[in-house]
Amino acid sequence: MKKFFVGAYRIRLEAYRIRIIAIIAALVVAAAFTTGCTEIDEVPKQQFEVSLRADITQSTLKVANDQWQPNDRIGLYMMPAKQPLSAALSANVQMSLQGDMLVSTPPVMYPETGSVDFIAYYPYQVVSAGGELTIPVPNLANQTAAVAQEILYSNNVTNQFPTDATVALNFKYALAKVTITVECSDLTPAEYANMTARFEGVYTQANMRLADGTFQYVGTKGNVAMRTIERTSTKAVFEALGIPMENGDIKMVFDYNGKTYQWLDNTDIEGGVHYIVKFESFSDNPIVERKQIKANASIDPRGEQFVTIGGGNGTEPSLRWLPKELNDDTQVFWSMEYDNQNRLSKAIVLVGVCTDSSVDGGEGECYEYYRTLIFTYVGNDLTKVAVSDEEENYEMTYTRNGNVITNSHHGERITVNNDGYPIRYERNGNIYEYEYTGGNVTKETYNYVGGSVSDEQVTTYKYDNQKSMFFNCTTPKWFMVTVFGPVHGTGANNVTEVNDGYEIMRYSYSYSIASGFPTQILMLSDSGGNVEIMGRINILYY
């Protein structure tokens, strides 16, 4: 028996069928787990000192070369798992950064028993009894002299049991950042020389609830004067931080040489997003790009949202938005081709094979090869997939009878609902059942003929609200879900969490211009609250 892997994805491959089980970084073979029963003598209880790390990968914290500054102060709460902030065992402890480690005097200690949740924020300040952090008002309202103070928040470590190992806090930006470049060819050097920029109709005061990182607005909406960070005879660049808002009528106002230009935008302003706006004309509507990048054990770099106003430069060319290639900058995992109806016509996937002895830690070997799938359609039905690789060549013929689809090659039986989504997949005694919400698999139950309820394996899926990479692909969903699996963007939206009861896999995404389609996937493994980056996958499109 062999174990199969595809690119950075650990899979179970039943002849041709690519089935996601978990994700690993590169082609690393995990050691097999064994279970047993061992008598353990009772030992005295031990308290461990909390050891926390706060790395930075990309940030503008204090605008200091993407690095924490020596002795930066962070506030820390430690609560019994799933308990509110008011039940904290350690409340608003002032932690100092020494290198990338958080320290305090005296040290924070884990409880003798039970697990805990952590919440942390930056910068440290006195917090109200209700656990609310005051957003500095003067910094936000007038940022002409300096961009406002960053606010950072972390709540990624939950259900953490006492350990002497270092636990990584993952900080996120709480505020939004806006950078505006004005580069209009019809403006004069004199107009650029005295140009100023401000926002109108935004909140400048709020409290952040540390329990969940949300905001409670204080007072009425006002203006934010932006800082000028670059000025030439042909260009002016402005920057500011802002409090997140939903459905706000926000004005960008520019005063220049006795003139005023206003641009009104009714949009959501999200924390942790860097909005990059370019005016090439003071007249046209914007084109928006979203990009959300996340990194564990660090400050999440802000996602970027690009806006070009006026002119044609810098806007994105028209795309079909069908995934062309998946890679990690060093290796191509998948490549796809489509017909004129946006259906898959050809797919090439990288397959890695390891013998059992290798998986079990023995002397087995691992190797890779590419597998090619060629698709044939009759009308709207997928009727045949030809499979070829260096080990075998065969054809799978599909026949549909009502809501049941069978495959002659493997004796598969797929039952679909009225929307064409598979609700039951059977092969060689293996049975998979699917439940859906909004076109996404939310629950998958696996069992086999003759198995008991205790043999069931249940996997649950959570999603964001952005389009999945295969959103525009019209290949039948019964094939996409049963062959490529829910993780690979075969639903309406992108999977953000996969929980099989043993391990939680998390995913975050970068998004591309205007379309909202993902262009990069960051994969994280969450085992008992210990989160580890497993890899990044780039998505290229037609």
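Only the coordinates and a few stated rules stand behind these numbers; no lab work does. As the structure is a computational prediction, the values presented were derived from the model and not from experiment. So basically every Cβ, Gly included, is an ideal-geometry build from the backbone, and we count neighbours across all protein chains shown.
Each label point was placed 7 Å from the Cα along the Cα-to-Cβ direction; for Thr442 and Asp212 their separation is 1.8 nm.
Using the Cβ-Cβ distance between Tyr502 and Val126 with R0 set to 45 Å, the FRET efficiency works out to roughly 0.60. Placing R0 at 56 angstrom, the Cβ-Cβ distance between Glu435 and Thr232 gives a FRET efficiency of 0.45 after rounding to 0.05.
If you put +1 on each Lys and Arg Cβ and -1 on each Asp and Glu Cβ, how big is the dipole of the range 360-410 around its Cα centre, in Debye rounded to 20? Result for the range 360-410 is approximately 640 debye, rounded to the nearest 20.
Here's the picture: charge each Lys and Arg Cβ at +1 and each Asp and Glu Cβ at -1 in the range 318-541, and of Ile414, Thr475, Ile533 the one pushed furthest to the positive end of that dipole is Thr475. Label-to-label distance for Gln262 and Ala91 is 4.6 nm, based on points extended 7 Å past Cα in the beta-carbon direction. Note on the range 186-234: dipole from Cβ charges, positive end direction compared against Val202, Gln216, Tyr192; the farthest Cα belongs to Gln216. Stokes-Einstein diffusion for the range 100-190 at 4 °C, viscosity 1.567 mPa s, with a Kirkwood radius from C-alpha pairs, works out to 75 µm²/s. Taking 0.36 nm per residue of sequence separation and removing the Cα-Cα distance, the Val449/Thr474 pair yields an extension gain of 5.8 nm. Between rounded, prolate and oblate, where does the range 318-541 land on the alpha carbon gyration tensor, with a ≥ b ≥ c its root eigenvalues, rounded for a/c under 1.5, else prolate if a/b exceeds b/c? It is rounded, given that a/c, with a ≥ b ≥ c, falls under 1.5. Label point 7 Å out from Glu392 along Cα-to-Cβ: which residues of the range 406-428 have amide N under 17 Å? Flagged as within label range: 407-413, 427-428. Counted residue by residue at 0.36 nm each, then reduced by the alpha carbon distance between them, the extension gain from Ala190 to Glu325 reaches 43.8 nm.
Cross-link pairs exceeding 28 Å in C-alpha to C-alpha distance, out of Lys82/Lys467; Lys346/Lys467; Lys324/Lys462; Lys177/Lys221, comprise Lys82/Lys467. Residue-wise HN-Hα couplings along the range 179-187, as the Karplus relation 6.51 cos²θ - 1.76 cosθ + 1.60 with θ = phi - 60° gives them from phi, are 10, 10, 10, 9, 9, 9, 5, 8, 8 Hz; Gly and Pro carry x. Neighbour counting of Cβ atoms within 10 Å sorts the residues Tyr275, Tyr421, Tyr448, fewest neighbours leading, into Tyr448, Tyr421, Tyr275.
The listed peptides 193-203, 478-488, 158-168, ordered by packing as a protection proxy, come out as 478-488, 193-203, 158-168 (highest mean of other Cβ atoms within 10 Å first). Placing +1 on the Cβ of every Lys and Arg and -1 on the Cβ of every Asp and Glu, with nothing else charged, gives the range 318-541 a dipole about its Cα centre of roughly 1200 debye.
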